[in-house]
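Here's the structure, in structure tokens; my notes come after.
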Amino acid sequence: MKVAIIQFPGSNCDWDAEHSVQNVIGLPAGRVWHKDPLPEGVEAVIVPGGFSFGDYLRCGAIARFSPIMSDLQSFADQGGQVLGICNGFQILCESGLLPGALVRNDCIEFRCLNQKLKVENSNERFNSEVLGAQLTLPIAHGEGNYRADTEVLADLEANNQVLLRYSPNPNGSINDIAGIRNQTGNVYGMMPHPERAVESHHPCLDGLPVLRAFLQPLLQSSPVQLSA
């Protein structure tokens with residue numbers, strides 16, 4: 001297993017993430033229960049979307065205390081690749097692996113649609129030359145409104161840590177932020193679902209370059225053949 005997908009009680013995008021990585025992109029992937037340790041030899045971790053237990057208090061507020069999260073913290077501290085999608089993004093923010101917080105959409109509605117996004121020049125793998133200037137990815141969330149205090153927001157912008165911006169904004173997220181990375185560039189979080197846009201029967205294939213960008217360090221050292 002090269003890519004671990006953490007499975008929380010209530011997760012509903014863990015299978016989609018596993019399928020996207022293993023069957024579409026071609027890297028060995030597997031689901032890991034939130035009470036189990038992170039397997040040895042894992043090179044990347046995805047915290048998937050859906051829901052996690054305790055979300056009725058605040059999204060990710062209880063999941064951050066799951067036993068596997070201490071392993072994930074150590075993995076990230078050692079430079080391991082981590083991607084949080086939707087509820088996974090919320091969990092990464094709650095656990096302190098990413099700055100800021102996700103709160104209720106300003107429209108007070110659950111937003112489920114194919115969303116246009118502007119790609120920021122965040123780093124060499126997540127930029128408009130690699131991903132294209134604009135993407136369309138599905139969103140499905142009630143609490144995707146990204147918030148950060150003035151100092152954190154200024155640091156994100158100054159350090160080029162914004163990955164994606166909504167265009168137009170569906171939830172009131174500050175500075176139209178749809179995804180960010182940490183300062184060292186190994187932990188990523190986004191509300192849109194790239195794993196739902198990787199096959200011909202999906203709305204589009206714009207999720208493929210996003211997942212490949214995240215997994216690029218693994219792909220460079222792997223002989224796998226990528227599917228179209």
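Bear in mind these aren't lab numbers, they're just calculated from the coordinates by the rules spelled out. Since we're looking at a predicted model, the values are computed, not measured. Heads up, the Cβs are rebuilt from the backbone with ideal geometry, glycines too, and the neighbour counts pull from every protein chain shown.
Classify region 128-227 as rounded, prolate or oblate from the Cα gyration tensor: take a ≥ b ≥ c as the square roots of its eigenvalues, call it rounded if a/c is under 1.5, otherwise prolate when a/b beats b/c and oblate if not.
In terms of gyration-tensor shape, oblate.
Here are a few candidate values for volume of the Cα convex hull per residue in Å³: [x] 164; [y] 137; [z] 109. Which one was actually calculated from the structure I just gave you?
[z]
Could you line up Phe8, Phe75 from fewest to most neighbouring Cβ atoms inside 10 Å?
Phe75, Phe8
Using a Förster distance of 45 Å, how high is the FRET efficiency between Asn114 and Ser74, based on the Cβ-Cβ distance and rounded to 0.05?
About 0.75, to the nearest 0.05.
Using R₀ = 45 Å, calculate the FRET efficiency as 1/(1 + (r/R₀)^6) where r is the Cβ-Cβ separation of Ser200 and Arg58; round to 0.05.
Computed FRET efficiency for Ser200 and Arg58 comes out at 0.75.
Just want the ordering: Ser167, Ser95, Ser74, from fewest to most Cβ atoms lying within 10 Å of their own Cβ.
With the fewest neighbours first, Ser167, Ser95, Ser74 line up as Ser74, Ser167, Ser95.
Out of Ile174, His202, Gln73, whose Cα points farthest toward the positive end of the dipole of the chain (charges: +1 Lys, Arg; -1 Asp, Glu; placed on Cβ)?
Projecting each Cα onto the dipole axis, the largest value belongs to His202.
Between Asn160 and Glu40, what FRET efficiency comes out of the Förster formula 1/(1 + (r/R0)^6) with R0 = 30 Å and r the beta carbon distance, rounded to 0.05?
The computed FRET efficiency comes out at 0.35.
What number, rounded to the nearest 500 deg cm²/dmol, is the helix-based mean residue ellipticity at 222 nm of the chain, given -39500 (n - 2.57) per DSSP H run of at least four residues and division by all its residues?
Calculated at 222 nm, the ellipticity per residue is -6000 deg cm²/dmol.
Cut-off 10 angstrom, C-alpha nodes, Gaussian network model of the chain. Which of His141, His34, His202 fluctuates the most?
Fluctuation is largest for His202.
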